[in-house]
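Enquirer: Would you mind keeping the following structure in view while I ask a few things?
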Amino acid sequence: ETITVGELANRMAARQGEVIKALMKMGVMATAAQIIDADTAELVVNEFGHRVKRVADSDVELGIEGVEDRPEDLKARPPVVTVMGHVDHGKTSLLDALRTTDVTSGEAGGITQHIGAYQVTLPSKQKVTFIDTPGHEAFTSMRARGASVTDVVVLVVAADDGVMPQTIEAIKHAQAAEVPMIVAINKMDKPGANPDRVRSELLTHGVVVESMGGETQEVEVSALKKQGLDKVLEAILLQAEILDLKANPNRPAEGAVIESRLDRGRGAVATVLDQKGTLRRGDIVVAGTEWGRVRALLDDRGKQIKEAPPATPVEILGLTGVPEAGVPFVVVENDNRAREISEFRQRKQREKANALQVAARGTLDQMLARIQAGEQKQVALLIKADVQGSAEAIAATVEKLSHEEVAVRVLNASVGQITESDVQLAKASDALLIAFNVRATTQARQLAQREGVEIRYYSIIYQVADDVEQLVRGKIAPKH
Ligand code: GDP
């Protein structure tokens, strides 16, 4: 997984000098004959605005790529549904309402558990699986980590409010993932409900519902009054039929981690959804960099089960650590194999982290070099904190660190996690991003890596001040 700088330039039809310059910007000094690793190459390729297609994916190297199933082994499987839409339009209410349509809930008698996904059984015995973390952040971050579990998106639009910014975002996310949508026009019980307005607004965003001659099914519902739920389920089943969703239940399981956490009494707990095969108690599972023997399988009512067929959400106990939500899992033949894969992935992850750190460090090093050379007269900062008080305190503290040669300029100090627009702003203004007790969204983190924007995380104000002071005095040693 290496390539020379010259060959990379060749493949991108770019000049060698341009590639060498791009590498320098990332803090990597290279000649045309120099060999660079795949991660660094990927960063360069992104820099040139190309998309990367890796030939050697880590898992393929290990020989655990998905085994193709024969068509005759495939059986119909339940659809997996994600609910998206604007805040307060009723995503959670709809998920709660749909949950009550399960015909087996009475007989099972279990108390519903929130495990990140649930399944309902319809009177026809057909099943539908819902991811019960609503919103497109979960959907997108899962996709970013390689898991595309959703077959159908239910787009909730409040009939009294119409298409709003997050509605449009949800549409874009579903379209990008090429997942079909069903529109649930919600809050039909409200006096101000105007479903036709919703329909025509959707039209202006490229979503043509059936009643307007299009392909997208729409259903009028009231999550609150539990009206129209059967229509939603019908629409989902129809869509599932069109998609012809199938899986081979008679093979080792493969799927994705939906949610995970560390439980005090039970250790690492992960909710997984198998997309292929049947997961069984006793199976040896690798999930991302974690692995373990499945000690127990629990369904969405907290009941122990022995096996989970395709598209059945289950909690598994027995992993050595907590895998990231969204990572794929796979059942392997034995402990040694599991350990081998886990170690391989950990090593890959470290290598990648190092490569990215080298790249990110480049921007700070450059800044430092310019300050030392007297070329840079100011340091721009963007501050995001968990509370307004901290944001203001940090801004006030660091601005005092300005001296005659270098000024500290706070572009913005506000509350909230770091988003893509923060990264874009930082990039555009050559600023450092200071994250105080907050995190960056996955997309923001990825964008920052691609753009070489430095995000520095802190939880103690004087450490922010220390670092900024060192920087403006031209002697910071970047650390993480
Ligand atoms: P989310 O942010 O999209 O998950 O929205 P919620 O499910 O939390 O609902 C937001 C608010 O709208 C809550 O106060 C709900 O009670 C209310 N709501 C949800 N569905 C309906 C509905 O069908 N009719 C009415 N009248 N209110 C609803």
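The values are calculated or read from the model by the stated rules, or taken from the named source; none is laboratory data. Remember, it's a predicted structure, so these values are computed and weren't measured experimentally. Note that we place each Cβ from the backbone using ideal geometry, even for glycine, and neighbour counts take in every protein chain shown. All accessible areas refer to the heavy atoms of the entire protein, side chains included, with ligands and DNA or RNA removed. Shrake-Rupley method; radii C 1.70, N 1.55, O 1.52, S 1.80 Å.
Table: residues versus (1) aromatic (Phe, Trp, Tyr); (2) open to solvent by less than 70 Å² (accessible area, probe 1.4 Å); (3) at pLDDT 70 or above; (4) within 16 Å of the ligand (Cβ to nearest atom).
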| position | (1), (2), (3), (4) |
| --- | --- |
| Val45 | no, yes, yes, no |
| Lys53 | no, no, no, no |
| Glu72 | no, no, yes, no |
| Ala76 | no, no, yes, no |
| Pro79 | no, yes, yes, no |
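Enquirer: From the residues in region 223-253 that are open to solvent by 20 Å² or more (accessible area, probe 1.4 Å) and assigned to a strand (DSSP E or B), which one is nearest to the ligand (Cβ to nearest atom)?
Expert: Only one residue fits best here, namely Gln227.
Enquirer: Enumerate the strands (runs of 3 or more DSSP E) found wholly within region 376-480, keeping only those where 2 or more residues are out of contact with any Phe, Trp or Tyr (no Cβ under 7 Å at 6 or more places or on another chain) and open to solvent by 50 Å² or more (accessible area, probe 1.4 Å).
Expert: On the way: elements: 378-385, 407-415, 431-436, 455-458.
Answer list for region 376-480: 407-415.
Enquirer: Now for a different question. If I filter region 197-217 for residues that are within 16 Å of the ligand (Cβ to nearest atom) and within 27 Å of the chain's Cα centre (by Cα), do I get at least one hit?
Expert: no
Enquirer: Return the total of residues in region 184-207 being more than 18 Å from Leu224 (Cβ to Cβ) and not hydroxyl-bearing (Ser, Thr, Tyr).
Expert: Here is the first cut: in region 184-207, the ones more than 18 Å from Leu224 (Cβ to Cβ) are 196-197, 199-207.
Then keep just the ones that are not hydroxyl-bearing (Ser, Thr, Tyr); that gives 196-197, 199, 201-203, 205-207.
Residues in region 184-207 being more than 18 Å from Leu224 (Cβ to Cβ) and not hydroxyl-bearing (Ser, Thr, Tyr): 9 in total.
Enquirer: Residue pairs, Cβ under 6 Å, 6 or more apart or interchain, first in region 176-191 and on the phi < 0 side of the Ramachandran plot and more than 9 Å from the ligand (Cβ to nearest atom), second open to solvent by less than 20 Å² (accessible area, probe 1.4 Å) and of a type in the set (Gly, Ala, Ser). List them.
Expert: From residues that are on the phi < 0 side of the Ramachandran plot and more than 9 Å from the ligand (Cβ to nearest atom), the pairs are Met181/Ala174; Ile182/Ala235; Ile185/Ala159.
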